[in-house]
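The values are calculated or read from the model by the stated rules, or taken from the named source; none is laboratory data. This is a predicted model, so every value here is computed, not measured. Note that we place each Cβ from the backbone using ideal geometry, even for glycine, and neighbour counts take in every protein chain shown. Side chains are part of the model used for accessible areas, which takes the heavy atoms of the whole protein and leaves out ligands, DNA and RNA. Shrake-Rupley method; radii C 1.70, N 1.55, O 1.52, S 1.80 Å.
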Amino acid sequence: MIDIKENESLAQHTTFRIGGPAKYFCSVSDSKELREAVAWADEKNIEYKVIGGGSNLLVSDSGYYGLVIKYFGGKIEITGEVLTAMAGAPLSLVMNESLKAGLAGLEWAAGIPGTLGGAVCNNAGAYGGEVSQNFLEAEFLQKGKAKTLTAKDFNFGYRSSGLKEGKIKGALLSIKLNLRQASTEEISQIQEGIKNNLADRISKASEGGSVGSTFRNFVMSEEEINKFKEKFPQLPDQFVGYQKVPAAWLIDECGLKGKKIGGAMVSEKHAGKITNVGGATAEDVIMLISIVKQKVRSKFSLQLIEEMEYLGFN
């Protein structure tokens with residue numbers, strides 16, 4: 001039986017530590033409880049939003065006038081090279097279980113917080129990998145019925161999906177990922193690489209609560225990146241090789257590290273992150289994002305796009 005609470009502060013359920021109350025709130029740990037929560041919302045004819053670890057979410061200061069369902073937990077099963085996990089399973093646990101089974105493919109996920117469902121919604125990725133590379137299919141709850149959706153249905157893009165863009169309505173129940181059998185030696189090498197990636201993440205850890213990278217990087221064609229390099233020769237050659245211009249580099253070039261509005265600050269360690277260094281409101285973050293986007297647009301003629309999701313903004 002699910003427990004529906006009223007006026008639950010969402011600041012304590014997001015890594016930003018920002019946000020007003022949810023009119024209704026419940027925590028669920030399996031697909032049965034999730035179905036029950038969605039049915040409750042449908043019966044009351046109110047909107048609902050499923051969240052995981054809240055690690056990619058900015059909630060309005062006025063909160064959310066609907067039901068927030070926090071789906072965290074769920075089992076993981078592995079058959080051959082296919083891993084099936086409940087959408088609420090923590091992404092870090094999914095990765096660890098795959099390695100224990102001698103499967104490679106999810107090592108890019110080391111250190112990414114949140115759940116597998118959240119990762120699918122945002123097409124999360126790092127260090128050259130992303131969810132869409134491993135995605136097989138998902139069991140999806142739509143209008144009270146479970147359906148099987150493929151990668152084509154989700155229409156994955158760079159840090160986006162049809163679900164994130166609101167083109168698919170419903171809730172993720174479980175996800176199947178296609179992985180690759182690896183030798184003991186290769187798994188050992190992967191684990192060593194994971195240690196290096198985690199050390200890299202720690203070195204870039206922000207000074208307060210955040211959603212990690214606030215903005216998407218710019219992925220360019222060979223021609224586009226070369227033209228950009230001609231115009232801005234200070235662009236490091238490694239980015240030309242990756243055909244990617246990091247948002248953090250652009251923001252740093254604008255001299256915005258440490259820029260503050262209220263309790264929101266552009267991280268001094270990693271310019272791609274906006275952090276809550278104490279008492280930040282969603283309005284502070286929105287204003288700071290606006291300044292950052294304007295400065296980058298003015299200097300580089302590039303329009304930054306946020307990676308995170310917004311909740312409760314009209």
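Scan segment 294-307 and report the pairs whose first residue is more than 17 Å from Lys227 (Cβ to Cβ) and whose second residue is open to solvent by 80 Å² or more (accessible area, probe 1.4 Å) and of a type outside the set (D, E, K, R), with Cβ atoms within less than 9 Å and a gap of 6+ or a chain change.
Hits for this filter: Val296/Gln303; Arg297/Gln303.
Kindly provide the set of residues from segment 287-309 that are out of contact with any helix residue (DSSP H, G or I) (no Cβ under 9 Å at 6 or more places or on another chain) and crowded, with 19+ Cβ neighbours inside 10 Å, ordered by number.
Residues satisfying the conditions are Leu288, Ile289.
Residues to consider are Gly312, Gly272; find the one that is in contact with a helix residue (DSSP H, G or I) (Cβ under 7 Å, 6 or more places away or on another chain) and surrounded by 20 or more Cβ atoms within 10 Å (Cβ to Cβ).
From the options Gly312, Gly272, the qualifying one is Gly272.
Where in segment 242-314 are the strands (runs of 3 or more DSSP E), entirely inside, with at least 3 residues that are of a type in the set (A, V, I, L, M, F, W, C) and touching a strand residue (DSSP E or B) at 6+ places or on another chain (Cβ under 8 Å)?
264-266
Count, please, the residues in segment 161-175 that happen to be open to solvent by less than 10 Å² (accessible area, probe 1.4 Å) and touching a residue at least 24 places away in the same chain (Cβ under 8 Å).
4
Determine, yes or no, whether Gly63 is touching a Gly at 6+ places or on another chain (Cβ under 9 Å) and at positive phi.
Working: touching a Gly at 6+ places or on another chain (Cβ under 9 Å): yes; at positive phi: yes.
When the stated conditions are applied, Gly63 passes them.
Just to be sure, is Lys257 surrounded by 14 or more Cβ atoms within 10 Å (Cβ to Cβ) and at pLDDT 95 or above?
Criteria met by Lys257.
Determine whether Ile18 is over 26 Å from Thr214 (Cα atoms) and either aliphatic (A, V, I, L, M) or in contact with a helix residue (DSSP H, G or I) (Cβ under 7 Å, 6 or more places away or on another chain) (or both).
no
Taking the conditions exactly as written (out of contact with any Asp or Glu (no Cβ under 8 Å at 6 or more places or on another chain), on the phi > 0 side of the Ramachandran plot, open to solvent by 50 Å² or more (accessible area, probe 1.4 Å) and touching a residue at least 24 places away in the same chain (Cβ under 8 Å)), does Arg17 satisfy them or not?
yes
Only one of these is open to solvent by less than 10 Å² (accessible area, probe 1.4 Å), in a helix (DSSP H, G or I), modelled with pLDDT of 95 or more and within 16 Å of Leu172 (Cβ to Cβ): Ala85, Ala37, Ala138. Name it.
That would be Ala37, the only listed residue that is open to solvent by less than 10 Å² (accessible area, probe 1.4 Å), in a helix (DSSP H, G or I), modelled with pLDDT of 95 or more and within 16 Å of Leu172 (Cβ to Cβ).
Do the conditions hold for Ile190, that is, is it within 29 Å of Leu99 (Cα to Cα), touching a residue at least 12 places away in the same chain (Cβ under 8 Å) and among the aliphatic types (A, V, I, L, M)?
Yes.
Of all the residues that make up segment 48-82, how many are in contact with an Asp or Glu (Cβ under 9 Å, 6 or more places away or on another chain), small (Gly, Ala, Ser) and open to solvent by 20 Å² or more (accessible area, probe 1.4 Å)?
1
Looking at Asn56, Asn45, which is the one that is farther than 21 Å from Gly193 by Cβ and under 14 Å from the mean Cα position of the chain (by Cα)?
Unique residue meeting the criteria: Asn56.
Determine if segment 230-241 includes at least one residue that is aromatic (Phe, Trp, Tyr) and in contact (Cβ under 8 Å) with a residue 40 or more places away in the chain. Before the answer, list the steps.
Going residue by residue through segment 230-241, those that are aromatic (Phe, Trp, Tyr) are 232, 239.
Pick out the ones that are also in contact (Cβ under 8 Å) with a residue 40 or more places away in the chain and you get 232.
Yes; the residues of segment 230-241 include at least one that is aromatic (Phe, Trp, Tyr) and in contact (Cβ under 8 Å) with a residue 40 or more places away in the chain.
Restricting the search to segment 214-230, which residues are surrounded by 10 or more Cβ atoms within 10 Å (Cβ to Cβ) and not aromatic (Phe, Trp, Tyr)?
Listed by number, the residues that qualify are Thr214, Arg216, Asn217, Val219, Met220, Glu224, Ile225, Asn226, Lys227, Lys229.
Got a number for residues in segment 143-160 being open to solvent by 40 Å² or more (accessible area, probe 1.4 Å) and assigned to a strand (DSSP E or B)?
Matching residues across segment 143-160 total 5.
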